[in-house]
1. Enumerate the pairs (first residue in region 126-151 and touching a residue at least 12 places away in the same chain (Cβ under 8 Å) and within 9 Å of the ligand (Cβ to nearest atom); second residue anywhere and part of a loop (DSSP other than H, G, I, E, B) and open to solvent by less than 20 Å² (accessible area, probe 1.4 Å)) with beta-carbon separation below 9 Å, excluding pairs fewer than 6 apart on the same chain, so at least 6 apart or on different chains.
2. Within region 167-197, work out how many residues are touching a Leu at 6+ places or on another chain (Cβ under 8 Å) and not in a loop (DSSP other than H, G, I, E, B).
3. Is there a residue in region 229-239 that is in contact with a Lys or Arg (Cβ under 7 Å, 6 or more places away or on another chain) and crowded, with 22+ Cβ neighbours inside 10 Å?
4. Looking at Leu39, Leu45, can you tell me which residue is under 22 Å from Lys259 (Cα atoms), crowded, with 21+ Cβ neighbours inside 10 Å and within 13 Å of the ligand (Cβ to nearest atom)?
5. Exactly one of these conditions fails for Lys51: (1) more than 16 Å from the ligand (Cβ to nearest atom); (2) of a type outside the set (A, V, I, L, M, F, W, C); (3) closer than 23 Å to Thr209 by Cβ; (4) crowded, with 18+ Cβ neighbours inside 10 Å. Give me its number.
6. Please find, among Gln256, Gln252, the residue that is in a helix (DSSP H, G or I) and without any contact (Cβ under 8 Å) to a residue 12 or more places away in the chain.
7. If we scan region 163-175, do we find a residue that is under 22 Å from Lys58 (Cβ atoms), within 14 Å of the ligand (Cβ to nearest atom), open to solvent by 50 Å² or more (accessible area, probe 1.4 Å) and in contact with a strand residue (DSSP E or B) (Cβ under 6 Å, 6 or more places away or on another chain)?
8. Among (1) part of a helix (DSSP H, G or I); (2) open to solvent by 10 Å² or more (accessible area, probe 1.4 Å), where does Met200 come up short?
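The values are calculated or read from the model by the stated rules, or taken from the named source; none is laboratory data. What you see is a predicted model, and the numbers here were worked out from it, not measured in a lab. Using ideal geometry, Cβ is built from the backbone for each residue, glycine included, and neighbour counts are taken over all protein chains shown. Just so you know, the surface numbers come from the protein's heavy atoms only, side chains and all, with ligands and any DNA or RNA stripped out. Shrake-Rupley method; radii C 1.70, N 1.55, O 1.52, S 1.80 Å.
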Amino acid sequence: MPELNEVTITRAIVDRFFKKLSDNLELDVAIVGGGPSGLVAAAHLASKGYKTAIFERKLSIGGGIWGGGMLFNEIVVQADAKRILEDFGIRVTRFEDNYFTADAIETATVLAASAVQAGATILNCITVEDVIMRPNRVIGLVIIWSAVEIAGLHVDPLAVRARYIVDATGHDTEVVKVVHKKVPGKLMTPSGNIEGEKSMWSEEAEKLTLDNTREVFPGLFVAGMAANATFGGPRMGPIFGGMLLSGEKVAQLIDQRLKEEK
Ligand code: 48F
């Protein structure tokens, strides 16, 4: 066996990574945030053949899944959403009546693996700090290494185009905030502004998450907790069914839209 060459190892990483980045500069769908809603959306869209990438600020994807509730790594889903976990091959156990549980680690890893194996690209350690705009529409994302953001360095970002964007950034609803602040035009919310997340009410929040999963500005959809934060729904606490159903719904809505445009 020839001796391992450090430079070849380095070149393999550099070449392959930049090919991956370059291959994902023009997307059908760019998803911001790799939590439960973003991962489910990515898996569905990629499996339908759409060029899909997730941009995730953190080193690890999975968002709020890993810690279950208060760092206790079990998640709860209600009966309506159980089939989504099962469709991904995640083992679900009945707790009582309408309540089911799954291991948080199994959930995060299987959802992530499913998205990648369906053909989605996950670009972690990349923060979305802005959008690309045209009159009356957003058409892409402005991205920066999370390390640059954390270090507070004065460095210009890069840009990625996408036919549709999904804000799946959770409670912080970061893409919608940027659009509201910097892009001329009104959000498709009752007030035209971000309505803001309300305090905990699990039943209502789970229902509303699904209703609130929709387009909020031309070219931009919201999913998961970002949908409730944008349209003024309550938080639900550590029950994840609404997040999974929201990821599925946003994929269906975008699929429909992309088909209509063909
Ligand atoms: O928060 P998160 O898990 O979003 P979600 O899919 O699910 C919410 C639940 O986890 C939980 C809940 C109960 O069910 O309410 O909170 O709505 O994942 C959001 C991901 O987006 C990333 C963030 O690091 C997290 O992994 N993120 C946030 N802002 C940005 C971002 C950004 N500007 N650029 C890239 N990633």
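1. Once the first residue is touching a residue at least 12 places away in the same chain (Cβ under 8 Å) and within 9 Å of the ligand (Cβ to nearest atom) and sits in region 126-151, its partners that are part of a loop (DSSP other than H, G, I, E, B) and open to solvent by less than 20 Å² (accessible area, probe 1.4 Å) give Val128/Gly33.
2. Matching residues across region 167-197 total 5.
3. Within region 229-239, one or more residues are in contact with a Lys or Arg (Cβ under 7 Å, 6 or more places away or on another chain) and crowded, with 22+ Cβ neighbours inside 10 Å.
4. Checking each option against the conditions leaves just Leu39.
5. (3)
6. Being in a helix (DSSP H, G or I) and without any contact (Cβ under 8 Å) to a residue 12 or more places away in the chain holds for just one of Gln256, Gln252, which is Gln256.
7. Taking every residue of region 163-175 in turn, none turns out to be under 22 Å from Lys58 (Cβ atoms), within 14 Å of the ligand (Cβ to nearest atom), open to solvent by 50 Å² or more (accessible area, probe 1.4 Å) and in contact with a strand residue (DSSP E or B) (Cβ under 6 Å, 6 or more places away or on another chain).
8. Of the numbered conditions (1) part of a helix (DSSP H, G or I); (2) open to solvent by 10 Å² or more (accessible area, probe 1.4 Å), the odd one out for Met200 is (1).
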